[in-house]
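FYI, it's all coordinate maths here, none of it is from the lab. Since the structure is predicted, the reported quantities are computational estimates derived from the model, not experimental observations. Quick reminder, even Gly has a Cβ in these numbers, built from the backbone with ideal geometry, and neighbours come from all protein chains shown.
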Amino acid sequence: MENWFSPSLKSALPYLGVSFISMSVIMGLIVSRIRGSFKPFTKPTVYYILLYAAGFAIIGLMSWFNFLESNTQLFLMFQLLFLALGILHVYTLTTKLKWVNEKTYWAEVFLTLAITLLGALCFLMTYRLFRKNGMDITMATAAVIFFVPLIVYYTYRSAIAIPFKILKQWHYPAHSEVAEVDEKKLRNLLVISFEFYKKGNDKHFTNFRAKAPMDMEFGELFYYFINDYNDRHPNATITYINEKGESSGWIFFKKPKWYTLFTKYIDPERTIFINKIRENDIIICSRVS
């Protein structure tokens with residue numbers, strides 16, 4: 001027993017045992033509440049926990065090797081191995097345990113905590129077989145990183161579950177007349193570019209240069225641009241009617257630069273000025289319906 005646990009850890013074993021059992025019971029209760037009963041899943045879950053505890057023990061066997069010169073290097077190696085084991089755990093958790101679904105988050109958390117606790121004890125046992133340098137508990141703290149992949153996985157799932165921002169679509173007013181442009185708006189002109197597919201089945205963007213009055217609504221500007229271009233190029237027009245015979249829906253956004261983190265969408269009902277469009281900005285015009 002002394003080979004496996006330090007004197008200070010021996011006194012804590014009863015508390016660790018109670019903690020492990022408590023986590024396992026809580027996990028079982030959560031699954032029972034969601035699935036109706038945990039009994040059909042008991043044996044596979046026990047095997048699962050023991051298998052990963054064995055994985056922790058195998059990592060502890062790495063302390064037998066003397067190719068690392070310092071305890072810091074050994075600790076970092078253990079962290080990398082526990083991280084890899086945690087990634088494998090997230091994968092097998094969702095593919096091998098039949099009780100896991102989108103509602104079992106807390107059960108998965110308590111399962112992972114139980115594995116981490118039991119696994120850390122198994123790691124300590126194998127570590128102390130080869131190194132009695134008083135660093136066993138310190139090295140065992142590397143096992144905390146086993147929990148990180150599960151946190152990252154659920155953070156990712158939560159992120160993709162956030163609904164997309166509802167963007168205003170602009171439709172060409174094919175069945176209604178638009179009043180002539182107000183000449184008062186034709187001041188403070190900017191030169192900007194539009195990029196889009198002239199036809200829905202085109203494979204490459206076409207870039208168009210246009211003059212944009214600061215006080216004109218963006219949707220109005222795009223309407224006049226389409227009309228002007230189609231009048232001047234009757235054999236290569238811009239299509240704005242979809243396959244259903246309806247006006248296509250368009251969304252607009254500034255072409256992102258390499259250093260931008262967020263996409264700046266253009267509100268077609270707001271003016272060029274309010275949309276903060278600047279000289280030589282490139283606006284991507286995308287058909288979405």
Exercise. When ranked by the protection proxy of mean other Cβ atoms within 10 Å per residue, highest first, what sequence do the peptides 113-123, 228-238 form?
Worked result: 113-123, 228-238
Exercise. Against the longest principal axis of the chain, how steep is helix 148-161, in degrees 0 to 90 to the nearest 10, with axes from Cα atoms?
Worked result: 30 degrees
For this session: Please work out the FRET efficiency for the pair Tyr229 and Phe273, using the Cβ-Cβ distance as r and a Förster radius of 30 Å; give the result to the nearest 0.05.
Result: 0.80
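Can you put Arg157, Arg128, Arg287 in order, fewest other beta carbons within 10 Å first? Provide the component values of the computation, followed by the final result.
On the way: Arg157 11, Arg128 21, Arg287 16.
So the ranking, lowest neighbour count to highest, is Arg157, Arg287, Arg128.
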Problem set entry | Those lysines that a straight Cα-Cα span of less than 29 Å connects to Lys39, excepting residues fewer than 8 apart in one chain | Lys96, Lys98, Lys103
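Quick one: putting +1 on the C-beta of Lys and Arg, -1 on the C-beta of Asp and Glu, what dipole do you get for the chain around its Cα centre, in Debye to the nearest 20?
Working: 32 positive and 22 negative charges, 190 e Å.
In debye, rounded to 20, the chain gives about 920.
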For this session: Report which label in (i) 68, 40, 35; (ii) 92, 51, 32; (iii) 86, 75, 34 holds the value of Cα extents along the principal axes in Å derived from the coordinates of this structure.
Result: (ii)
Exercise. In degrees from 0 to 90, rounded to the nearest 10, what is the angle of the helix 218-232 Cα long axis to the longest principal axis of the chain?
Worked result: 60 degrees
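Could you grab the Rg to Rh ratio for segment 213-261? Cα atoms only, Kirkwood for Rh. Display every interim value, and only then the final one.
Details: Rg = 14.2 Å, Rh = 13.2 Å.
Radius of gyration over Kirkwood radius for segment 213-261 works out to 1.07.
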Exercise. Taking Cα atoms, how many degrees apart are the long axis of helix 71-96 and the longest axis of the chain, rounded to 10 and kept between 0 and 90?
Worked result: 70 degrees
For this session: Collect residues whose amide H, placed 1.01 Å from N in the peptide plane, falls under 5 Å from the amide H of Ile283; neighbours closer than 5 in sequence don't count.
Result: Ser193, Phe194, Glu195, Lys255
For this session: Express the relative contact order of segment 170-287 as a whole percentage, based on alpha carbon pairs under 8 Å and six or more residues apart in sequence.
Result: 34 percent
For this session: Among DSSP beta bridges lying fully in the chain, give the percent that are antiparallel, nearest 5.
Result: 85 percent
